[in-house]
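The values are calculated or read from the model by the stated rules, or taken from the named source; none is laboratory data. Because the structure is a prediction, the values reported are computed rather than measured. Counting neighbours? That spans all protein chains shown, and the Cβs are built from the backbone with ideal geometry, glycine included.
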Amino acid sequence: MSSTMLSCREVTELVTDFVEGRLSWWDRLRFQLHLGMCRHCREYLRQMKTTQRLLGSLPPQPPPPEIEAELLRRFQDWKRT
Amino acid sequence: MAADDITVSRLRAGDEDAFRDLVARYHVHLLRFARTFVANPATAEEVVQETWVAVLKGLDRFEGRSSLKSWIYSILANRARTRAVRDGRMMLFSEMASVSDEDGPAVDPSRFNAAGYWDQPPRPWDDFSPERLAASAQIRARLDAALEELPEAQRAVVVLRDVEACSSEEACNILGISETNQRVLLHRGRSRLRRALEPLMGSGGTER
């Protein structure tokens with residue numbers, strides 16, 4: 001990755017370092033330059049961010065009733081001690 | 001941290017609803033995380049239940065120096081490791097991380113031309129809000145299944161970072177791995193999950 005211009009393939013490998021703020025200032029600049037010119041990579045970045053946000057918005061799933069009942073029984077045991 | 005304080009004082013006061021809420025919020029994700037260390041689902045369930053008891057017993061020692069979430073996951077990670085050792089199935093996390101070195105590139109190389117530029121670019125995804133997407137049973141099911149299919153170390157990192165929104169520092173502490181290692185696993189995991197979602201998310205279907 002010594003040339004100034006990043007390829008799309010390189011962008012897809014650097015995208016997490018970019019999002020995590022872990023690129024050197026020079027690589028960050030090259031990354032942003034590429035994004036400025038490449039709508040496909042802008043879309044790719046959006047999709048990675050959407051994937052991340054989607055994972056964060058998975059709704060809570062209560063455990064099966066028998067597991068919940070068992071845990072509440074243990075809670076009552078703990079309360080008594 | 002204020003919400004944690006409220007939860008902890010309600011638990012200390014023996015409020016069953018507070019415990020039920022906490023279980024509903026975390027149990028399934030904890031289970032998924034536990035299976036990183038112990039493969040057997042029944043054993044994983046046992047370890048998570050032991051973790052809940054340990055959380056209750058340790059409440060008086062919880063000082064709020066870490067978030068409640070990160071404290072619960074640390075207890076689980078320790079218990080799961082101990083259990084894995086006892087069952088003779090101890091694999092160091094760093095070993096698991098290196099196993100997934102063979103995981104390959106973020107995007108199928110055949111989608112790029114020889115110079116590394118898109119040949120088959122990603123098709124735009126429909127512009128749903130995350131809330132709307134999460135409400136879609138099909139997408140949720142796909143995401144759940146894809147999380148299950150991730151290599152163990154990647155799954156552990158993705159659960160902590162993206163599902164539970166832990167900081168990278170918290171994730172590294174819980175798993176005992178370096179920041180760089182954590183970032184590589186996160187990258188591989190997220191890239192795989194994006195690929196898994198791709199066929200469902202575009203209005204025009206997938207390229208391939």
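Regarding region B:94-101, can at least one residue be identified that is at pLDDT 65 or above and exposed (fewer than 12 other Cβ atoms within 10 Å of the Cβ)?
Within region B:94-101, none of the residues are at pLDDT 65 or above and exposed (fewer than 12 other Cβ atoms within 10 Å of the Cβ).
Among the listed residues A:9, A:39, which satisfies the condition of being crowded, with 18+ Cβ neighbours inside 10 Å, over 18 Å from the mean Cα position of the chain (by Cα) and not small (Gly, Ala, Ser)?
Selected residue: A:9, the only one of A:9, A:39 that is crowded, with 18+ Cβ neighbours inside 10 Å, over 18 Å from the mean Cα position of the chain (by Cα) and not small (Gly, Ala, Ser).
So, in region A:47-66, of the ones that are in a helix (DSSP H, G or I) and more than 7 Å from chain B (Cβ to nearest Cβ), which residue ends up farthest from residue B:194 (Cα to Cα)?
A:66
Sort out which residues of region B:1-46 are under 15 Å from residue A:79 (Cβ atoms) and hydroxyl-bearing (Ser, Thr, Tyr), and write them in order of number.
Listed by number, the list holds a single entry, B:9.
Select from region A:11-40 the residues that are under 25 Å from residue B:182 (Cα atoms), touching a residue at least 12 places away in the same chain (Cβ under 8 Å), within 11 Å of another protein chain (Cβ to nearest Cβ) and not hydrophobic (A, V, I, L, M, F, W, C) and list them in ascending order.
Hits for region A:11-40 are A:12, A:16.
Do you know which residues across region B:8-42 are more than 14 Å from chain A (Cβ to nearest Cβ) and touching a helix residue (DSSP H, G or I) at 6+ places or on another chain (Cβ under 6 Å)?
B:35, B:36, B:37, B:38
From (1) farther than 23 Å from residue B:162 by Cα; (2) part of a helix (DSSP H, G or I); (3) in contact (Cβ under 8 Å) with a residue 12 or more places away in the chain; (4) polar (S, T, N, Q), pick out the condition that doesn't hold for residue A:76.
(3)
Tell me whether region A:20-39 contains one or more residues that are modelled with pLDDT of 95 or more, acidic (Asp, Glu) and outside any helix (DSSP H, G or I).
Yes, some residue in region A:20-39 is modelled with pLDDT of 95 or more, acidic (Asp, Glu) and outside any helix (DSSP H, G or I).
Taking the residues in region B:146-171 that are free of Cβ contacts under 8 Å to residues at least 24 places away in the same chain, more than 10 Å from every other protein chain (Cβ to nearest Cβ) and not charged (D, E, K, R) as candidates, determine which candidate is surrounded by the fewest Cβ atoms within 10 Å (Cβ to Cβ).
B:167
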